[in-house]
2 protein chains.
Amino acid sequence: MEIKVLKNVMIKNNAIGNDNRRQFTKNGILAINIISSPGAGKTTLIENSISELCKKYRIAVIEGDLFTSKDAERLATRDVPVVQINTEGGCHLDAKMVSAAIGEFDLEKLDLVIIENVGNLVCPASFDLGEHMRVLVYSITEGDDKPAKYATIFKQANVIIINKIELSEICNISLEVLEKEVRKVNPVAKIFRVSATRKETLAGWIDWLGNEIEKFS
Amino acid sequence: MEIKVLKNVMIKNNAIGNDNRRQFTKNGILAINIISSPGAGKTTLIENSISELCKKYRIAVIEGDLFTSKDAERLATRDVPVVQINTEGGCHLDAKMVSAAIGEFDLEKLDLVIIENVGNLVCPASFDLGEHMRVLVYSITEGDDKPAKYATIFKQANVIIINKIELSEICNISLEVLEKEVRKVNPVAKIFRVSATRKETLAGWIDWLGNEIEKFS
């Protein structure tokens with residue numbers, strides 16, 4: 001019975017996810033789902049990416065969080081529409097939550113929707129939100145053994161942003177070893193090495209994302 | 001229907017958890033459940049704690065992981081019995097898994113059982129494994145805003161080990177601000193500041209835990 005219910009939940013979620021994706025695509029919007037552990041730097045990455053991208057593109061953000069609206073408040077200063085979803089302890093966003101959030105935006109006036117998922121490297125992997133692309137933000141402080149240990153999310157990611165590279169020496173983490181571990185489970189994902197707090201390191205990612213947005217418009 | 005199933009799962013889990021706890025207590029064993037985000041330093045803390053504690057106490061470790069046995073292999077060199085539980089993508093340990101693992105140990109010959117949960121700051125909070133104590137390992141690299149954002153697990157923790165304090169300056173995190181944020185959601189938890197890689201910083205935690213073990217013997 002438990003398995004059947006879980007299956008029903010997933011079927012429903014995927015149907016709503018597909019509907020979300022159709023809406024995004026129809027309106028020429030690229031939608032990305034950003035996933036990471038707590039504190040890996042999702043919000044900082046979003047802040048410093050949209051401050052560049054908003055010069056050229058119309059952006060909205062959906063913020064997932066268990067209880068607070070701290071991240072939405074951080075982003076609200078960036079002059080882009082932000083909708084906060086509080087999961088009240090729930091460990092991931094689902095397609096229904098995103099569907100409700102989309103209703104708050106004027107989709108015809110957007111080029112990019114960024115969805116910041118709940119900080120969790122496990123559960124968000126199971127829920128299609130209707131995104132076109134999964135972006136995994138991975139802080140090198142988490143070590144080089146995690147691609148194998150959290151293989152599901154590493155396998156799924158279209159883009160892997162290795163963050164906090166300025167800490168690699170003090171944390172004794174080799175970026176080469178880490179990338180080799182990533183490649184064992186995901187040979188094709190686009191990889192960027194960044195320090196999300198240092199805007200100059202984000203240029204490659206921002207240029208690439210701008211190019212992807214163009215494909216959808 | 002989904003809610004009813006979830007409730008049944010929880011009732012069953014708690015019953016098995018209580019049974020596990022009775023077994024630990026009856027055998028004079030302290031059982032602790034160690035929870036953190038991925039890469040916050042649980043395994044390193046366990047390695048460097050048991051290398052001291054095993055001089056005086058008989059210890060066993062239950063290792064939770066999604067897919068690999070990397071952590072169990074690390075600990076196997078420490079000459080304590082280790083049982084690996086692979087959740088096959090599951091986001092937390094549950095009481096039934098721990099019950100099965102306990103069956104592998106000779107409980108009469110143990111003083112401390114350490115359970116290392118799956119790296120996840122959300123889901124493990126909902127599952128009583130039968131432990132006497134929840135130990136939250138929190139890496140300061142995760143930022144000072146997480147106690148409010150992941151309030152459930154911060155509220156539940158009996159002990160909060162703030163790890164990687166050597167990175168506080170380079171990460172621009174004030175330990176005082178972080179502890180103030182912790183205290184807002186949990187005024188009573190025992191707090192230790194450590195660098196799990198540096199054994200000398202673990203003395204306070206190890207002494208305290210030794211004292212707790214004595215209470216159960």
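Some observations on this one:
- Restricting segment B:196-217 to residues that are within 14 Å of chain A (Cβ to nearest Cβ) and in contact with a Gly (Cβ under 9 Å, 6 or more places away or on another chain), the residue that is surrounded by the most Cβ atoms within 10 Å (Cβ to Cβ): B:Ala196
- Residues in segment B:70-91 that are within 14 Å of chain A (Cβ to nearest Cβ), in contact with a Phe, Trp or Tyr (Cβ under 8 Å, 6 or more places away or on another chain) and either more than 20 Å from A:Thr152 (Cα to Cα) or not in a strand (DSSP E or B) (or both): B:Glu88, B:Gly89.
- Within segment A:169-181, not a single residue is within 16 Å of the chain's Cα centre (by Cα), over 14 Å from B:Pro38 (Cβ atoms) and in a helix (DSSP H, G or I).
- Qualifying residue in segment B:104-114 (condition: buried (at least 24 other Cβ atoms within 10 Å of the Cβ), β-branched (Val, Ile, Thr) and closer than 20 Å to B:Ile162 by Cβ): yes
- Looking across B:Phe192, B:Phe154, B:Phe105, one residue alone is in a strand (DSSP E or B) and either more than 10 Å from every other protein chain (Cβ to nearest Cβ) or not hydroxyl-bearing (Ser, Thr, Tyr) (or both). It is B:Phe192.
- Those residues of segment B:110-133 which are away from chain A (no Cβ under 11 Å) and in contact with a Pro (Cβ under 9 Å, 6 or more places away or on another chain), in sequence order: B:Leu110, B:Asn117
- Criterion (free of Cβ contacts under 8 Å to residues at least 12 places away in the same chain and within 25 Å of A:Ser36 (Cα to Cα)) met by exactly one of B:Lys42, B:Lys70: B:Lys70
A quick yes/no check of all residues on (1) farther than 22 Å from B:Leu136 by Cα; (2) part of a helix (DSSP H, G or I); (3) within 14 Å of another protein chain (Cβ to nearest Cβ):
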position: B:Val5; (1), (2), (3): yes, yes, yes
position: B:Asn8; (1), (2), (3): yes, yes, yes
position: B:Lys12; (1), (2), (3): yes, yes, yes
position: B:Ala15; (1), (2), (3): yes, yes, no
position: B:Asn18; (1), (2), (3): no, yes, no
position: B:Gln23; (1), (2), (3): yes, yes, no
position: B:Gly28; (1), (2), (3): yes, no, no
position: B:Ala31; (1), (2), (3): no, no, no
position: B:Pro38; (1), (2), (3): no, no, yes
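- Any hit, segment B:115-125, residues being in a strand (DSSP E or B), touching an Asp or Glu at 6+ places or on another chain (Cβ under 7 Å) and within 21 Å of B:Arg21 (Cβ to Cβ): yes
Every number in this text was worked out from the coordinates using simple rules, so none of it is lab data. Here the structure is a predicted model, which means the values were calculated and not measured. Here the Cβ is made from the backbone with ideal geometry for all residues, glycine too, and neighbour counts use every protein chain on show.
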